[in-house]
Amino acid sequence: MNDKKTPNKFQSWLLASRPKTLLASVVPVIVGSALAVAENKTARSGIGEHRFVPLYSFIALACSVLIQTGTNFVNDLYDFLKGADNQKRKGPERVLASGWISVREMKIASILVFLISFLLGLYLVYSGGTIILIIGVLSIIAGIAYTAGPFPLAYHGLGDIFVFFFFGFAGTMGTYYLQTHNFSIVSLLTSIPVGALITNILVVNNYRDVEEDRAANKNTLAVIFGRTFAKFEYVFLILISFIIPTILYFYFDFSYWIFLPYLSLPVAINLIKMLFTLDGLGLNKALELSAKLSALFGLLFSLGLIA
């Protein structure tokens, strides 16, 4: 007999949004904004001093959170329809698999969340122009195509690339461009640890769910190349994240404050140990801590960029 308390509708929608993962949509906007603030102070961009507009970043943040929420809704919907989410899953309970939200409700909610994000994003087009419109539209399309459509990215080994590109390059560089109307090698480098550490959240998730994903024909990189590959992918993404501040210090004239992210190194080392020693349900803690690492690194990185 299941003695778990059934959540009410609000709690169910909150669970469907996967609130612990939404930090991933916040970090790119914070880091991209921090770099824009830093270049506003030093005119390091080479195009003259620009005016930082906080409202643009706040709206970009809202759009980013909404797009990830919509992506999570679509992911919940299509993983359920394709059998990837079932009673055997090791991760947190999913609302459709548990019967707390219907398929029709989830479809309607997904459309509404993406629509609100698009409408909010139109305001940013006045500042960023066509490039911001393209980034926004592609982000929404990719969020849907992650698990839906004729060629779902997550089911064909492209989930990691999707996350790295849209949370790293598109999210961070897009926010920076919104404020500066410029792309730069520094904004590219800055986006790498953001995308890498957020991708690691997915790496842990896929590493944990190898058996269930294989049974559902969800061919993640962990399924295609095996768990050993996933472990070393995780380590590699951490290594390149911690290399970037050193490159920025020695080659782009940032102050020693750029090394602030190194304060999160003990957390990263602990996570690597967890990935190499834990299995099954024990990896849920590593998943949660990976999200916290991306947020902690992002916050320290942002402070280091501005200081």
Inset, instruction - Take the alpha carbon gyration tensor of the chain, find the square roots of its eigenvalues, order them as a ≥ b ≥ c, and report rounded if a/c is under 1.5; if not, report prolate when a/b exceeds b/c, else oblate. - result: oblate
Legend entry - Extension gain, LEU303 back to LEU119 (0.36 nm per residue minus Cα-Cα distance, nm): 63.1 nm
Inset, instruction - Using a Gaussian network model of the chain whose springs link C-alpha atoms within less than 10 Å, name the residue from ASP79, ASP279, ASP253 with the highest mean-square fluctuation. - result: ASP253
Inset, instruction - Could you check the simple spin-label distance between ARG51 and LEU265, using points 7 Å along Cα→Cβ, in nm with one decimal? - result: 4.2
Inset, instruction - Output the peptides 290-299, 214-223 sorted from most to least packed, where packing is the average of other Cβ atoms within 10 Å over each peptide's residues. - result: 290-299, 214-223
Inset, instruction - Estimate the FRET efficiency between SER255 and ILE185 by the formula 1/(1 + (r/R0)^6), using the beta-carbon distance for r and 25 Å for R0, to the nearest 0.05. - result: 0.85
Inset, instruction - Please sort 61-71, 192-202 by packing, taking for each peptide the average over its residues of neighbouring beta carbons within 10 angstrom, highest first. - result: 192-202, 61-71
Legend entry - At least 20 Å along the helix axis (C-alpha) and Kyte average at least -1.0, DSSP helices within the chain: 23-42, 54-81, 103-128, 130-145, 185-208, 227-251, 283-306
Inset, instruction - Compute the Cα gyration tensor for region 173-232, then decide on rounded, prolate or oblate, letting a ≥ b ≥ c be the square roots of its eigenvalues: rounded whenever a/c is under 1.5, prolate when a/b is larger than b/c in the other cases, and oblate in all that remain. - result: prolate
Inset, instruction - Run the quick spin-label model on LEU239 and ASN8: label points 7 Å from Cα toward the beta carbon, then report their separation in nm to one decimal. - result: 5.1
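A short reminder: the numbers here are calculations on the coordinates, not readings from a lab. Just so it is clear, the model here is predicted, and its values are computed rather than measured. Methodologically, a virtual Cβ is constructed for each residue, glycine included, from the backbone with ideal geometry; neighbour enumeration extends over all protein chains shown.
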